[in-house]
Amino acid sequence: MNTKVTLTGVTLDNPVIPASGTFGYGYEYAELYDINVLGSLSFKGTTKDPRFGNPTPRIAECPAGMINAVGLQNPGVDAVIAEELPRLRSVFHKPIIANVGGFSIEEYVHCCEKPDKEDGVAILEVNISCPNVHSGGRNFGNAPETAAEVTRAVKAATKKPVYIKLSPNVTDIVSIAKACEEAGADGISMINTLLGMRIDLRRKKPIIANKMGGFSGDAIFPVAVRMIYQVYEAVKIPIIGIGGVSSAEDVIEMMLAGATAVQVGAANLVNPFACRDIVLDLPRAMEKYGIDDLTSIIGGAH
Amino acid sequence: MKQALYTIKSNRALTRDMYEMILEGDTSDMTAPGQFVNLRLDGFFLRRPISVCNQEGDTFTILYKVIGHGTEKMAQMKAGEVIDILTGLGNGYDTAKSGDAPLLVGGGAGVPPMYLLARRLIAEGKKVTVILGFNKAEEIFYREEFEAIGVKVLIATADGSVGVKGFVTDALADAGAYTYTYACGPEPMLKALYNATDVSGQYSFEERMGCGFGACMGCSCKTKYGNKRICRDGPVLTKEEIIW
């Protein structure tokens, strides 16, 4: 039984990857289990400057999911390279995905150039669901033109595979994925969280201080599967599927839709052993559904 | 931190909306008073973080206020039922700092962690005074439990129905001399105490959490010693580091 998958020449022992923002830089989980069972790890979204993020409350519960508005809290790319990455590499010996954000093209380039030079970082994952401070706060990921602009700039400045992480909060995600591919992206990570809101009935105000936040968890799984299915038909580059994955069956379903690997997000926050449990359960699920080689099922539903 | 299944030994109402649940299981990761546990309930996505009120051997007690659907569900649970819980979360209180005569201050749902803290301080030979703050007489709980372990108990009620009329800070004058403060309660209470006493102390904070173990950055706060996560670097902060 073969669980290996390959993302742009980077072979993973299995397709299970903790999603950025739900796994920190790995240590909290490394205290709980040997995180080397993971295929890879996408670390906490990193920006040029240190960020505290949004005021609290940052979290709201939903049926079958949660909303977060952390606001990209991170110590900044220099501290990540100097402190977090060496600590992560001391406990994690698998390929690392460096997740980066930015508020201008220059910041994206800066944040990608640094991890691009680091051993251990195998893939650059670019979160384009960030507001462009030079364009009235409109998210880079909201239009094909700006998504392509980020992709081109980052590709011109780096050597490692670049995966663009797409926002689902758009009218036509396929056109954005195609624009990224045409601009040189090596792969697509999808989907980021869906924009959501909860209102506190006692206070009669939004629960989250930022009012809106990213909706994730089991509830968004069908949305992610649908979007991956659509994008798989439109692009040739690999897709890392993300959104509501919490079981080995979900991994298989997302791969059938067209994902080469799969990230697990909110599930980690509820069950800290979620990723390990999925990895350990994969062979059972593969046997149940008559799958010998996971690579053979990628896009199998088409 | 430990994830394990715990069996409910008892679950009963203390007041109209405050409940006491005693659970049994692996308590080996519970290392300090003031820590919390995170309960997974069927039908709810996020866990429920609740402070530990008491722990002895392989049993521990949580007191919880019924305020939403999750705690409503907890109130209906019966002895013998099993809950998936993360235990040993948070830093907890450091009893080594207490001096000979610490003052404990708990307000409403902030009362529970004071009980285990008081027990540990008494065991260390300290002279413990606790101020418990409630809105009214019907909401008072655990007064006898504190008295039974040899703690001097002062009560403050907002409506004056029992003890000093007013807030916990209005009972400070009756507390006598104290060497250190430990507090847990709503943020306005903590802030009032912070301003009402010059004595150093440790204050426990509450925040909406995602994971409860430091991964999601959902409960971050700024302190004089840098950004901290309430769930992992807290919930207890020293008075010196708090930024209001």
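The values are calculated or read from the model by the stated rules, or taken from the named source; none is laboratory data. Here the structure is a predicted model, which means the values were calculated and not measured. FYI the Cβ positions are ideal-geometry reconstructions off the backbone, even for glycines, and counts take in every protein chain you see. Calculation scope for accessible area: heavy atoms of the full protein, side chains included, ligands and nucleic acids excluded. Shrake-Rupley method; radii C 1.70, N 1.55, O 1.52, S 1.80 Å.
Miscellaneous remarks
- Residue in the range A:22-49 that is surrounded by the fewest Cβ atoms within 10 Å (Cβ to Cβ), counting only those that are at the interface with chain B (Cβ under 9 Å from one of its Cβ atoms) and either more than 19 Å from the chain's Cα centre (by Cα) or assigned to a loop (DSSP other than H, G, I, E, B) (or both): A:E31
- Listed conditions (1) more than 14 Å from chain B (Cβ to nearest Cβ); (2) open to solvent by 10 Å² or more (accessible area, probe 1.4 Å) are all met by A:F52, apart from (1).
- Test: residue in the range A:56-77 that is more than 14 Å from chain B (Cβ to nearest Cβ) and open to solvent by less than 10 Å² (accessible area, probe 1.4 Å): yes
- The set of residues in the range A:213-244 being more than 14 Å from chain B (Cβ to nearest Cβ) and either within 21 Å of A:K44 (Cβ to Cβ) or under 14 Å from the mean Cα position of the chain (by Cα) (or both) consists of A:A224, A:I228, A:P238, A:I239, A:I240, A:G241, A:I242, A:G243.
- Top-ranked residue of the range A:121-150 - restricted to ones that are open to solvent by 20 Å² or more (accessible area, probe 1.4 Å), modelled with pLDDT under 95 and not polar (S, T, N, Q), ranked as nearest to A:P86 (Cα to Cα): A:P131
- For the range B:12-20, the count of residues that are away from every other protein chain (no Cβ under 14 Å), in contact (Cβ under 8 Å) with a residue 60 or more places away in the chain, assigned to a strand (DSSP E or B) and loosely packed, with under 14 Cβ neighbours inside 10 Å is at least one.
- Counting the residues of the range A:151-168 that are buried (at least 24 other Cβ atoms within 10 Å of the Cβ) and within 11 Å of A:G184 (Cβ to Cβ) gives 4.
Okay, residues lined up against (1) open to solvent by less than 10 Å² (accessible area, probe 1.4 Å); (2) closer than 30 Å to B:K136 by Cα; (3) more than 14 Å from chain A (Cβ to nearest Cβ); (4) part of a strand (DSSP E or B):
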position: B:L23; (1), (2), (3), (4): yes, yes, yes, yes
position: B:S51; (1), (2), (3), (4): no, yes, yes, yes
position: B:K73; (1), (2), (3), (4): no, yes, no, no
position: B:M77; (1), (2), (3), (4): no, yes, yes, no
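- Test: residue in the range A:90-97 that is assigned to a loop (DSSP other than H, G, I, E, B) and under 17 Å from A:A267 (Cα atoms): no
- Of the residues B:G110, B:G99, B:G88, the single one that is under 16 Å from the mean Cα position of the chain (by Cα), in contact (Cβ under 8 Å) with a residue 40 or more places away in the chain and open to solvent by 10 Å² or more (accessible area, probe 1.4 Å) is B:G88.
- Residues that are open to solvent by 60 Å² or more (accessible area, probe 1.4 Å), out of contact with any strand residue (DSSP E or B) (no Cβ under 9 Å at 6 or more places or on another chain) and in a loop (DSSP other than H, G, I, E, B) occur at least once in the range B:116-131.
- The residues listed here are A:I67, A:I59, A:I81; of these, the one that is touching a residue at least 12 places away in the same chain (Cβ under 8 Å) and touching a helix residue (DSSP H, G or I) at 6+ places or on another chain (Cβ under 6 Å) is A:I81.
- For the range B:136-156, a residue qualifies if it is in a helix (DSSP H, G or I) and not basic (K, R), and the qualifying residues are B:A137, B:E138, B:E139, B:E144, B:E145, B:F146, B:E147, B:A148.
- All of (1) free of Cβ contacts under 8 Å to residues at least 60 places away in the same chain; (2) within 16 Å of the chain's Cα centre (by Cα); (3) in a helix (DSSP H, G or I) hold for A:S175 with one exception: (2).
- Among the residues making up the range A:252-298, those that are away from chain B (no Cβ under 11 Å), within 30 Å of A:I67 (Cβ to Cβ) and polar (S, T, N, Q) are A:T260, A:Q263.
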